[in-house]
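Participant: What follows is a single structure, and I will ask about it in a moment.
Read-outs: derived from the displayed coordinates by stated rules, not from any lab. Keep in mind the model is a prediction, meaning the values are calculated, not measured. Cβ placement follows ideal geometry from the backbone for every residue including glycine, while neighbour counts extend to all protein chains displayed.
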Amino acid sequence: MSDNFEPKIVGFMCNWCSYRAADLAGSARIKYPPNVRIIRVMCSGRMDPAFVLKALSLGADGVMLAGCHPGECHYIDQNYKAMRRYYMLKHMLRAVGVEEDRVRLVWRSAAEGEQLAQAVTEFVADVKKLGPLEWPDNWEENGQRLKALEDIVKEHQEAMEVN
Amino acid sequence: MSEGKAKGKLALYWAASCGGCEIAVLGIDTKILDVAENFDIVFWPCATDGKVRDVEKMADGEIDVCLFNGGIRTSEQEYMARLMRQKSKVLVAFGSCAHEGCIPGLSNLDSKESCFKTVYHDSPSLDNPQGTVPRTVTEVPEGKLHLPLYYDTLKTLDQTVPVDYYLPGCPPEADRIWDAIVAILEQKLPEPGSIIGSDTTVCDDCPRTREEKKIKKFYRTWQIKPDPDKCLLEQGILCCGIATRAGCGALCPQVNSPCIGCYGPNNGVEDYGARLFSAVASVIDSQDPKEIDAIIKDGIPDPAGSFYRFSLAHSLLRRSKLKGKDGGAKVAADAS
């Protein structure tokens, strides 16, 4: 694997804490790798696992989820639902051969800009070690497919001529 | 229904499927005579003596409606899907296989090599001392013999050619098939691209009593004797009714058997399995990460088979990761 692989990472962050932590990291000029494309969601509980699967299937190498610490959710207990879905999602990903470490859930409050930057730095390093995912390549048939289709067309045309 | 009106042309074809959909068509019973009254069945290899070359000789769009069941697993099936698309005005993905890949699509959890190994070498009921496997090309003195190419990944019909309508179900229920045929005859079809069916879930048809869902432990069907009146999911049995389109009349839950999701997702759901496991996971009755993980791992040993039993090939990930020669994804030489 080439050393200059830069993973594409999608980060879904909660409006009330982690997204603000990222803001804080920015205004405090804390450096962290630019690999994460952050998408703001209203709550980590809004995170449909389909978002993660979609990101991976469209070419993301990793997905980071970030929400308020357990017990501190703006919507009472929705981050616990995020937690449960996260473990179910990892269970599912293992079943289809995706390294479960490509998805990570972290809890960061609005005051934890530095901790958020650190979590991103660690996650980027870990995904780098895993290498590219390149999921869409998984379902492309190899070059034999078009040849096989051509053969059928040719065979059928020949059969038509006989009749 | 039609008096002296010119008959339409109807075709039925099957690809990677079990044949249940063909039988389901006959499940409409004597109404099949009404179908025959309104349509000339121009091609239906399972029931009538039609040849592919008859279809090839037709003009494009000559067939009014083609009900196509089965997924696309071989080059021959892809050829037929393209042919039926070209010759048909309306192409209907009929049944779960054509719609979502269904059970044949579960082989996407493994590779072609592994499927061949099981089927032609390891199966206990097999007698194959010479280890014969089908080959795409075989040379004989008279020339070359061809067999269709077996694909690594089963694709659904709409991943292969554009599809006008979907009729879900494994197999579609006879009443729903008849509703669709009537809609076609009366030209009251919904917008192209839609699924012909209802817009609610199996839960809405299920007579069981529902209260608050909290799951402390998942049970497999043989581990528990379910209460016949209470919601199965509330009893810890993984019932897929919450995410599955209605249309069957909740047949399975009424006989103490959980819904397994054959009618597929409701409108607007991109990934059936994700919708289902998201909902199921969120009602696990614990706030402790370790306990949550244990409840999931103990209770659902086969998540892909449980949540994507009918829809793996049509899911966002489509298949499991192929272990190619380069250790990761294989090289795709075919860009089409």
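Participant: Just want the ordering: B:121, A:91, A:74, from fewest to most Cβ atoms lying within 10 Å of their own Cβ.
Facilitator: B:121, A:74, A:91
Participant: Can you give the FRET efficiency for residue B:123 and residue A:101, using 1/(1 + (r/R0)^6), R0 = 45 Å, r = Cβ-Cβ distance, to the nearest 0.05?
Facilitator: According to the calculation, E is roughly 0.80.
Participant: Further question on the same structure: Over 5 Å intervals from 0, what percent of Cα-Cα pairs in the range B:56-215 sits in each interval?
Facilitator: Taking every Cα pair in the range B:56-215, the percentages come to 2, 8, 13, 15, 15, 13, 11, 10, 7, 5, 2, 1, 0, 0, 0.
Participant: Just need the relative contact order of the range B:116-183 here, percent rounded to a whole number, with Cα pairs under 8 Å and 6+ apart.
Facilitator: 14 percent
Participant: Let me know the charge dipole size of the protein assembly as shown about its Cα centre in debye, to the nearest 20, where only the beta-carbon of Lys, Arg (+1) and Asp, Glu (-1) is charged.
Facilitator: In debye, rounded to 20, the protein assembly as shown gives about 1380.
Participant: Relative contact order for the range A:9-135 using alpha-carbon pairs under 8 Å, separation at least 6, rounded to a whole percent?
Facilitator: 38 percent.
Participant: Go through the range B:1-87 and name the trypsin sites (Lys or Arg not before Pro) that are in a DSSP coil and have 10 or fewer other Cβ atoms within 10 Å of their Cβ.
Facilitator: B:5
Participant: Another question about this same structure. When the Cα centres of the range A:123-163 and the range B:221-253 are compared, how far apart do they sit, in Å?
Facilitator: First find each Cα centre; the distance between them is then 39 Å.
Participant: Rounded, prolate or oblate, given the Cα gyration tensor of the range B:1-79, with a/c below 1.5 counting as rounded?
Facilitator: Oblate is the answer for the range B:1-79, as a/c is 1.5 or above yet b/c matches or exceeds a/b.
Participant: Please work out whether chain B counts as rounded, prolate or oblate from its C-alpha gyration tensor, where a ≥ b ≥ c are the square roots of the eigenvalues and a/c under 1.5 means rounded, while otherwise a/b larger than b/c means prolate and anything else oblate?
Facilitator: oblate
Participant: Determine the shielding of peptide B:52-58 by partner chains: average, over its residues, the number of Cβ atoms on other chains within 10 angstrom of each Cβ.
Facilitator: 2
Participant: How many angstrom separate the Cα center of the range B:64-133 from the Cα center of the range B:167-198?
Facilitator: Here the answer is 23 Å between Cα centres.
Participant: A follow-up question, please. What order do you get for B:28, B:177, B:184 when you list them from fewest to most C-beta neighbours inside 10 Å?
Facilitator: Going from least to most buried by this count: B:28, B:184, B:177.
Participant: Relative contact order (percent) for chain B, with alpha-carbon contacts under 8 angstrom and 6 or more residues of separation?
Facilitator: Reported relative contact order: 17 percent.
Participant: Checking the table B:112/B:321; B:9/B:89; B:117/B:321; B:155/B:188; A:54/B:117; B:57/B:89 against a 20 Å threshold on Cα-Cα, which pairs fail?
Facilitator: B:155/B:188; A:54/B:117
Participant: Moving on. When the gyration tensor of the protein assembly as shown is built from Cα positions, what are the square roots of 5 times its three eigenvalues, in whole Å, from largest to smallest?
Facilitator: 44, 30, 21
Participant: Here is a follow-up. What's the magnitude of the charge dipole for chain B around its Cα centre, counting Lys and Arg as +1 and Asp and Glu as -1 at the beta-carbon? Answer in Debye, nearest 20.
Facilitator: 780 debye
Participant: Mind checking which helices in chain A clear 18 Å along their axis (Cα) and have mean Kyte-Doolittle hydropathy of -1.0 or more, DSSP H runs only?
Facilitator: The answer, listed by residue number, is A:113-130, A:144-162.
Participant: Would you mind ranking B:222, B:14 by Cβ crowding within 10 Å, fewest neighbours first?
Facilitator: B:222, B:14
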